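A.B. asks: Structure provided below as structure tokens; questions to follow.
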Amino acid sequence: MITAKIPEVVSEVNTAPIESNSNYVNYFLLQTNHIHNQGISVAYRTLDGTAKAGKDYIATTGRVTIKAGELQSVIPVTIIGDYVPEDEEYYYLQISDPQGVNFPDGIVNITSKRTIKDDD
């Protein structure tokens with residue numbers, strides 16, 4: 001197994017999503033710090049914070065791969081739009097089960113928080 005430090009494994013591609021009147025796809029960026037000869041992958045899933053799956057965003061789970069010779073891949077999460085004035089809310093994306101790479105320092109899960117801004 002390849003061992004690599006993966007600083008800021010999940011980061012923002014498009015920053016804090018705005019909950020508009022229609023659905024909006026927001027992306028998390030999965031990246032590694034150097035090119036691998038084999039693809040590496042992680043499992044991912046969204047988790048509720050103050051934003052709730054089915055009401056504020058669509059719950060998402062799966063596995064994403066950074067292909068051999070590449071440094072990054074994206075994980076899409078759909079934000080559900082509405083006309084209701086709300087405070088800012090947040091949800092999480094958690095990655096786990098790395099294949100072809102290890103998380104640093106024995107970490108098992110890495111979680112990233114995303115804030116949803118309301119435009120109503």
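A.B. asks: Here's a check for you: in the range 81-103, which residue that is of a type in the set (Phe, Trp, Tyr) and modelled with pLDDT under 85 is farthest from Thr32 (Cα to Cα)?
C.D. replies: Once the filter is applied, the top-ranked residue is Tyr83.
A.B. asks: Moving on to the next point. Give the residue, chosen from Gly62, Gly106, that is of a type outside the set (Val, Ile, Thr), at pLDDT 90 or above and exposed (fewer than 13 other Cβ atoms within 10 Å of the Cβ).
C.D. replies: Selected residue: Gly62, the only one of Gly62, Gly106 that is of a type outside the set (Val, Ile, Thr), at pLDDT 90 or above and exposed (fewer than 13 other Cβ atoms within 10 Å of the Cβ).
A.B. asks: Please enumerate the residues belonging to the range 88-101 that are touching an Asp or Glu at 6+ places or on another chain (Cβ under 7 Å) and either surrounded by 17 or more Cβ atoms within 10 Å (Cβ to Cβ) or over 16 Å from Asn26 (Cβ atoms) (or both).
C.D. replies: Glu89, Tyr91
A.B. asks: Could you please let me know if Thr78 is at pLDDT 90 or above, polar (S, T, N, Q), under 16 Å from Val25 (Cα atoms) and in a strand (DSSP E or B)?
C.D. replies: It is true that Thr78 is at pLDDT 90 or above, polar (S, T, N, Q), under 16 Å from Val25 (Cα atoms) and in a strand (DSSP E or B).
A.B. asks: I'd like the residue in the range 82-97 that is touching a residue at least 60 places away in the same chain (Cβ under 8 Å) and more than 13 Å from Ala51 (Cβ to Cβ) and, out of all such residues, is farthest from the chain's Cα centre (by Cα).
C.D. replies: Among residues in the range 82-97 that are touching a residue at least 60 places away in the same chain (Cβ under 8 Å) and more than 13 Å from Ala51 (Cβ to Cβ), the one farthest from the chain's Cα centre (by Cα) is Tyr83.
The values are calculated or read from the model by the stated rules, or taken from the named source; none is laboratory data. Owing to the predicted nature of the structure, the values given are computational and were not obtained by experimental measurement. When we count neighbours, we look across all protein chains shown, and the Cβ atoms used for this are built from the backbone with ideal geometry, even at glycine.
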